[in-house]
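Structure first, then comments.
The values are calculated or read from the model by the stated rules, or taken from the named source; none is laboratory data. Keep in mind that what you see is a predicted model, and the values were worked out from it rather than measured. Using ideal geometry, Cβ is built from the backbone for each residue, glycine included, and neighbour counts are taken over all protein chains shown. Calculation scope for accessible area: heavy atoms of the full protein, side chains included, ligands and nucleic acids excluded. Shrake-Rupley method; radii C 1.70, N 1.55, O 1.52, S 1.80 Å.
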Amino acid sequence: MRLFRDAGHLFRLAGLFAFGTLFILTIRSFLVPRTFGEYGHYRGAAIAEVAAHPARFAGHQTCETCHTDVAQTKAAGKHAQVNCEACHGPQAKHADDPSSVDPGKPDTAVLCVRCHEASAARPKDFPQVNAGDHSGGVPCQTCHQPHSPAIGSASAPASAAGGTK
Amino acid sequence: MPGVEGFMYPNEVSLYWSVLIVLYPFITGLVAGAFILASLERVFRVEAVKPTYRLALLTALAFLIVAPLPLQLHLGHPERSYEMYMTPHRTSAMAMFGFVYLWYLMAVLVVEIWLDFRADIVALSQSTTGWKHWMYWAMTLGSANVSERALAIDERVGWVVTLIGIPSAFLLHGYVGFIFGSIKANPWWSSPLMPVVFIFSAMVSGIAAVMLLYMALMRLRKQPIDMRCVDTVASYLFYIFIVDFSLEMLDLIHRIYEADESFRSLDFMVHTRLYFSQIVLQILLGTLAPILLLFVAQVTKLSEPTRKKIYAVSGSLALVGILAMRWNVVIGGQLFSKSFLGYTTYKMALATREGLLVAIGLTLLPLLILAVLMKVLPPWPEKKHASIPEAVAAH
């Protein structure tokens, strides 16, 4: 039993560590949210909270139910794969109540260059222009119809079409 | 990211890991290096470096306390960082690092220091009065048993703790290297050699720091420098430096020979933006120069004052070199685009939360903490003789 006496301080140290661990575990049981880990490494209840947020995007199918003309134009043009709300922004409110919420028209001077301004980081085969040289400040939609932008397509504005396809 | 849309890689806009993240591996490296130096003495019973043993332990503790601060200052929500411990994320290297840190601090360093200083603490708790008495008494955990047998047990347990401590120190710093080396999206970092290079550079910086501190403190205390000790420490520094340098060159040669798709871009970077910090500071001044100086000190018979000067210069250069290496890893790895089509610049801020002033403060803070630690737990043997029973002095 001399060992126990002479190693007494080590047992005290071990006790201190045990107490510390217990203390942290106690705090932990208060701090960790109840639903944590229910489905994964996050708070389970967060799913319901996030789901309760009002939707901001309506999705292109919704837009197309009312704007059939635009949908047709777009489907035939080069922007067929570009979502309505990628250009018009989140419009769920407008889709719910079109008469009182007016989405307005996007400003093409900001919008089109976001995707088409020439940049070395873009894939080479993606259509790109140097907007300043290309349009000389004239709004893009003077020559390109946003929903079917290729020049010479059926719906291109008369100012740029200059002939048939 | 305000104002950023479209095809962009994040670091094409700004550099996210600032100078504080440079400091962080530098500081943890000093911890691991100082501890490994102390362990050499303990495990292999190298008598010559004994005078630096306790200093190395306290240095490791002082720097370890500061190590998480640069990270905290970098975080957007530092007050949430404790959650890392509350909800451990087993697949995240960064999250697990919190546990490596805690293990190293509590299970290794604190225990080893406590065991080693216990006899002094007991003596101090008896010789002091007032609040100091209570402070030391609390540190004894209420046990004043410094009998020969108790101290022999401490010695044995301390040896085991050191033995566990060495892999822990490797783990601590290997982990820092791992965090960089495992980022497969970044060719500058992604290399399995990274943890190994980090460990050896950590040993270089830690040994250099303890050597410099020892010489500086002896000078401050107007006491003779134990040249046998400093010579041995310097020879360790020399050998480990050579291993470190070979590893770094191995990494470099491997990259040059492999010359994968990132090579041209990285090569350009090393010749332009990183030229000064990589070629000049890290390799020429920070590695080759000190190795050469230490080599000269090893093979020739120089006078004591000259050796001291050589050690002081090569130790300082080594620290500069290792700091530059951390800079080149952390900042260098963010300077190029993942598309390999362009480069960013890093402009260090001055007086912001992650600026230069904070970085300088964080470098000095460990020295301040070390000064306090040395006041509380004097590491010098002279004091030991004055206040400690014979049993300890015999050890």
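List of remarks:
- Theoretical FRET efficiency, 1/(1+(r/R0)^6), r = Cβ-Cβ of A:ALA150 and A:VAL50, R0 30 Å, to 0.05: 0.15
- On the beta carbon distance between B:ALA216 and B:THR129, with R0 = 41 Å, the FRET formula returns roughly 0.80.
- Cross-link partners of B:LYS132 among lysines, defined as those whose alpha carbon lies under 16 angstrom from its own and excluding same-chain residues fewer than eight positions apart: B:LYS375.
- Apportionment of accessible area to carbon and sulfur, the range B:84-179, percent (1.4 Å): 71 percent
- Reachable lysines from B:LYS184, criterion Cα separation under 16 angstrom, eight or more residues apart if same chain: B:LYS338
- Local charge for B:LYS301 was computed over the other residues whose Cβ lies under 13 Å away, with Lys and Arg +1 and Asp and Glu -1, and equals -1.
- Sparsely packed loop sites in the range A:26-88 (the GluC sites (Glu not before Pro) outside DSSP H, G, I, E and B with at most 14 other Cβ atoms within 10 Å) comprise A:GLU38.
- Chain B: Rg to Rh, with Rh as the Kirkwood radius over Cα pairs: 1.00
- DSSP H segments from chain A that extend 24 Å or more along their own axis, Cα-based, with Kyte-Doolittle mean of -1.0 or above: A:8-31
- Simple label model, 7 Å out from Cα along Cβ direction - A:ASP69 to A:THR142, nm: 2.4 nm
- Highest mean packing comes first when the peptides B:126-137, B:26-37 are listed by Cβ atoms within 10 Å, giving B:26-37, B:126-137.
- Residues in the range A:9-28 that, when all protein chains are in place, have 10 Å² or more less accessible area than the chain alone would give (probe 1.4 Å): A:HIS9, A:LEU10, A:ARG12, A:LEU13, A:LEU16, A:PHE17, A:ILE24, A:ARG28
- Remark: accessible area buried at the A-B interface is about 2100 Å², both chains counted, probe radius 1.4 Å.
- Distance from the alpha carbon centroid of the range B:195-253 to that of the range A:1-73 works out to 44 angstrom.
- Evaluated over the range B:291-355, the Cα radius of gyration and Dmax, each in Å: 18.9, 56
- In the range B:149-172, comparing the full protein assembly with the chain on its own, the residues that lose 20 Å² or more of accessible surface at a 1.4 Å probe are B:ARG149, B:ILE153.
- Exceedance of the 27 Å cut-off in Cα-Cα distance is limited, within the set B:LYS222/B:LYS301; B:LYS308/B:LYS347; A:LYS74/A:LYS105; B:LYS222/B:LYS309; A:LYS74/A:LYS124; A:LYS78/A:LYS124, to B:LYS308/B:LYS347.
- Taking θ as phi - 60° and the Karplus parameters 6.51, -1.76 and 1.60, the scalar couplings of the range A:39-50 work out to 10, x, 7, 6, 7, x, 5, 4, 4, 4, 5, 5 Hz in sequence order, x denoting glycine and proline.
- With Cα atoms as the point set, the protein assembly as shown shows a radius of gyration and Dmax of 31.7, 108 Å.
- For the range B:123-147, residues shielded by at least 30 square angstrom of accessible area compared with the chain on its own, probe 1.4 Å: B:LEU141, B:SER143, B:ASN145
- The trypsin sites (Lys or Arg not before Pro) of the range B:148-189 that meet both conditions, a loop assignment by DSSP and at most 13 other Cβ atoms within 10 Å of the site Cβ, are B:LYS184.
- The trypsin sites (Lys or Arg not before Pro) found in the range A:30-64 that occupy coil by DSSP, while having at most 12 further C-beta atoms within 10 Å, are A:ARG34, A:ARG56.
- Helical segments meeting 24 Å axial Cα length and Kyte-Doolittle -1.0 threshold in chain B (DSSP H): B:19-44, B:148-181, B:194-220, B:227-258, B:304-330, B:356-376
- The residues of the range A:60-162 have, on average, 65 Å² of accessible surface per residue, using a 1.4 Å probe with all protein chains present.
- Between B:VAL13 and B:VAL313, the modelled labels are 4.9 nm apart [label points 7 Å from Cα along Cα→Cβ].
- Each of B:TYR275, B:TYR346 has its accessible area taken with a 1.4 Å probe; listed largest first, they run B:TYR275, B:TYR346.
- For the pair B:ILE253 and A:ILE27, a Förster radius of 35 Å applied to the C-beta separation gives a FRET efficiency near 0.10, rounded to the nearest 0.05.
- Note: the range A:60-162, Cα convex hull, 121 Å³ per residue.
- Point-to-point label distance, B:VAL43-B:THR352, nm (Cα→Cβ direction, 7 Å offset): 4.3 nm
- Carbon + sulfur, % of accessible area of the range A:8-51 - ligands and nucleic acids excluded, 1.4 Å: 71 percent
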